[in-house]
Amino acid sequence: MATLNKKLIFKRVLWVFIPAVLVLFVGVFGLSFYLIHHLAHPPKNELTGSPRDFQIILQKPVWSDEKWKNADGTQAMGWLLNQNRVAPAVILTHGYSSNRSDLLTLSVELYKAGYHVLLYDMRGHGESPVNKSGFGMYEKDDLISAIKFLKGLTSKSGEELNDGRIGLYGVDLGGYATLAASDEDPAIKAVAVDSPFPSVEQFINYRLKYVIGGNNSMVKGLADYSLTKEVLGLTSQAYFMTKDDKSDVIESVRLSSNRRFLFIHGKTGSPTDLLTKEIFDETKGQKEIIEVEKTRQERLYTTESAAYDERVVKFFQAAIPTTAPKK
């Protein structure tokens, strides 16, 4: 009789707790799905300009609208500033919740220094026809597609425009894609990144704090909790219907001893400043790190932009001079 009573009590306990656990499970994943959906759709800010705005400075028509296909068949859109002769090239990748027009001043300064320059909108940003960001799960492959597009460009006479040397530049999420792709092609000789992320997980965790209240200590603790990270990771894979993304930039920079790196961070000691320093410490080969008043995660105005752009251009001039190396 006692055994029967214990079984009944056990069953009643199960009937009480199982629905509660299921509700909690559904609630956690439901909230995670909502947050991932929100992060995947950053505000699509309109382009604030185009190379046409610099036409008087450049003195000649040097740019064109370009389209090419990404590895998954989606379309990429960008601008090409073309030297119309054989020269090294630099590809610029903007940051999260930004677009290619925010890198116009840097692109023009690089062009004036003698480089072909390709800048494009990441998926989910600017004029990209893809309606959501991939958090880095697709952006590395998108950048590799941009590199292939650039290497395939030819002059009217059929001569390849790129001289076999490519530089990459990227900001935060664009910095993650830039570093993740940095060891994918021997033509990549120089890499400059501003406030990059080591992994997709850390990018999601960083942005999550701002979506749900970055100044709340309880929220910060929740966002840092390992189980929360696992749930968000699984939810993001389900949301994008993709396998677990294993691209970790630490592995890439440890393998990239034959190229030069520039890391840029701010003075505030923010999480992205600390992450930039951590990646720098793990990077092999020639590397340098600089501290700036404001990174390109923020909008830079005339004086700030000019000083910032000058430092980036000088890095590329030292790493991949526009005068072709002697054979």
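For residues that are over 15 Å from residue 102 (Cα atoms) and open to solvent by 100 Å² or more (accessible area, probe 1.4 Å), scanning just region 284-302, find the one that is modelled with the lowest pLDDT.
Here the answer is 284.
Quick one: which of 256, 247 is among the hydroxyl-bearing types (Ser, Thr, Tyr), touching an Asp or Glu at 6+ places or on another chain (Cβ under 7 Å), at pLDDT below 90 and open to solvent by less than 50 Å² (accessible area, probe 1.4 Å)?
256
I'm trying to understand the selection: among the residues of region 161-196, which are among the acidic types (Asp, Glu) and either touching a Pro at 6+ places or on another chain (Cβ under 7 Å) or closer than 22 Å to residue 317 by Cβ (or both)?
Those that are among the acidic types (Asp, Glu) and either touching a Pro at 6+ places or on another chain (Cβ under 7 Å) or closer than 22 Å to residue 317 by Cβ (or both): 163, 172, 185, 194.
Among the residues of region 118-133, which ones are closer than 30 Å to residue 84 by Cα and open to solvent by less than 20 Å² (accessible area, probe 1.4 Å)?
Residues satisfying the conditions are 118, 119, 120, 121, 122, 123, 125, 126, 128.
From 39, 31, grab the single residue that is at pLDDT below 70, surrounded by 12 or more Cβ atoms within 10 Å (Cβ to Cβ) and under 29 Å from residue 95 (Cα atoms).
Exactly one residue qualifies, and that residue is 31.
State yes or no: is residue 97 open to solvent by less than 20 Å² (accessible area, probe 1.4 Å) and closer than 23 Å to residue 196 by Cβ?
Criteria not met by residue 97.
Hey, among the residues in region 303-325 that are out of contact with any Asp or Glu (no Cβ under 8 Å at 6 or more places or on another chain) and open to solvent by 90 Å² or more (accessible area, probe 1.4 Å), which one's modelled with the lowest pLDDT?
That would be 323.
Looking for whichever is open to solvent by 10 Å² or more (accessible area, probe 1.4 Å), over 22 Å from residue 108 (Cα atoms) and not aliphatic (A, V, I, L, M) here; the options are 158, 164, 136. Which one fits?
Of 158, 164, 136, the one residue that is open to solvent by 10 Å² or more (accessible area, probe 1.4 Å), over 22 Å from residue 108 (Cα atoms) and not aliphatic (A, V, I, L, M) is 158.
Answer yes or no: is there a residue in region 178-186 that is in contact (Cβ under 8 Å) with a residue 40 or more places away in the chain, touching a helix residue (DSSP H, G or I) at 6+ places or on another chain (Cβ under 9 Å), surrounded by fewer than 24 Cβ atoms within 10 Å (Cβ to Cβ) and among the hydrophobic types (A, V, I, L, M, F, W, C).
no
Mind checking which pairs have a first residue in region 30-51 that is under 27 Å from residue 109 (Cβ atoms) and a second that is open to solvent by 80 Å² or more (accessible area, probe 1.4 Å) and modelled with pLDDT of 85 or more, Cβ under 8 Å, 6 or more apart or different chains?
Final answer for the pair search is 47/127.
The values are calculated or read from the model by the stated rules, or taken from the named source; none is laboratory data. Only a predicted model underlies this, so the values are computations on that prediction, with no experimental measurement involved. FYI the Cβ positions are ideal-geometry reconstructions off the backbone, even for glycines, and counts take in every protein chain you see. Note: areas computed on protein heavy atoms with side chains; ligands, DNA, RNA excluded. Shrake-Rupley method; radii C 1.70, N 1.55, O 1.52, S 1.80 Å.
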